[in-house]
1. If you go through the stretch 59-109, how many residues are in contact with a Lys or Arg (Cβ under 7 Å, 6 or more places away or on another chain) and among the small types (Gly, Ala, Ser)?
2. ILE31 fails exactly one of the following numbered conditions: (1) in contact (Cβ under 8 Å) with a residue 24 or more places away in the chain; (2) over 13 Å from ASP89 (Cα atoms). What is the number of that condition?
3. When you look at GLY9, is it touching a residue at least 40 places away in the same chain (Cβ under 8 Å) and either among the charged types (D, E, K, R) or out of contact with any Lys or Arg (no Cβ under 7 Å at 6 or more places or on another chain) (or both), yes or no?
4. Which of the residues belonging to the stretch 55-72 are surrounded by fewer than 16 Cβ atoms within 10 Å (Cβ to Cβ) and in a loop (DSSP other than H, G, I, E, B)?
5. As an exercise: evaluate GLY40 against (1) in contact with a strand residue (DSSP E or B) (Cβ under 6 Å, 6 or more places away or on another chain); (2) surrounded by 15 or more Cβ atoms within 10 Å (Cβ to Cβ) and give the number of the one condition it does not meet.
6. Taking the conditions exactly as written (closer than 16 Å to PHE102 by Cβ, aliphatic (A, V, I, L, M), under 10 Å from the mean Cα position of the chain (by Cα) and at pLDDT 95 or above), does VAL65 satisfy them or not?
7. Could you tell me which residue of the stretch 1-18 is surrounded by the most Cβ atoms within 10 Å (Cβ to Cβ), considering only residues that are modelled with pLDDT of 95 or more and in a loop (DSSP other than H, G, I, E, B)?
8. Mind listing whichever residues of the stretch 71-102 are of a type in the set (A, V, I, L, M, F, W, C) and either modelled with pLDDT under 95 or closer than 23 Å to ALA14 by Cα (or both)?
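The values are calculated or read from the model by the stated rules, or taken from the named source; none is laboratory data. Keep in mind that this is a model prediction, so the values were computed, not measured. Note that we place each Cβ from the backbone using ideal geometry, even for glycine, and neighbour counts take in every protein chain shown.
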Amino acid sequence: MTNYKKLGGANPAAATYTSLLQVPVAKSYVISTINVCNFGSDLAVVRIAHVTDGSIAELADTDWVVYDMMVAPNGILPLTIGMTLDQGDSLVIYSDIASTTFIAWGAEE
């Protein structure tokens, strides 16, 4: 049965790779939307990676979906993606400042 919901949310520390989500065993995710919100007064530079069957430790150059995109102060970066993740896959996020949040919505199957 498909369950539509918020799949993950995080406010990462500045300049720190952080796991936004990891797909549980026997599940898969279809991510429809990711929003990045900069709630601070400085420009944010953000990154998002899809790590196949792994976590932050397995992050490779070929995993980046978004790399060094800028988000204006008090702005948002809405991404309509349609990304599929299998069990064990992770979304890894990064921001150069601490005043950003990342939220992913989609379906769990």
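1. Of the residues in that region, 0 qualify.
2. Looking at each condition in turn, ILE31 falls short on (2).
3. yes
4. SER55, ALA60, ALA72 - these are the residues of the stretch 55-72 that are surrounded by fewer than 16 Cβ atoms within 10 Å (Cβ to Cβ) and in a loop (DSSP other than H, G, I, E, B).
5. (1)
6. Considered against the rule, which asks whether it is closer than 16 Å to PHE102 by Cβ, aliphatic (A, V, I, L, M), under 10 Å from the mean Cα position of the chain (by Cα) and at pLDDT 95 or above, VAL65 comes out as yes.
7. This residue is PRO12.
8. The initial filter retains those residues of the stretch 71-102 that are of a type in the set (A, V, I, L, M, F, W, C), namely 71-72, 76-77, 79, 81, 83, 85, 91-93, 97-98, 102.
If the condition is that a residue be of a type in the set (A, V, I, L, M, F, W, C) and either modelled with pLDDT under 95 or closer than 23 Å to ALA14 by Cα (or both), then VAL71, ALA72, ILE76, LEU77, LEU79, ILE81, LEU91, VAL92, ILE93, ILE97, ALA98, PHE102 are the ones that fit.
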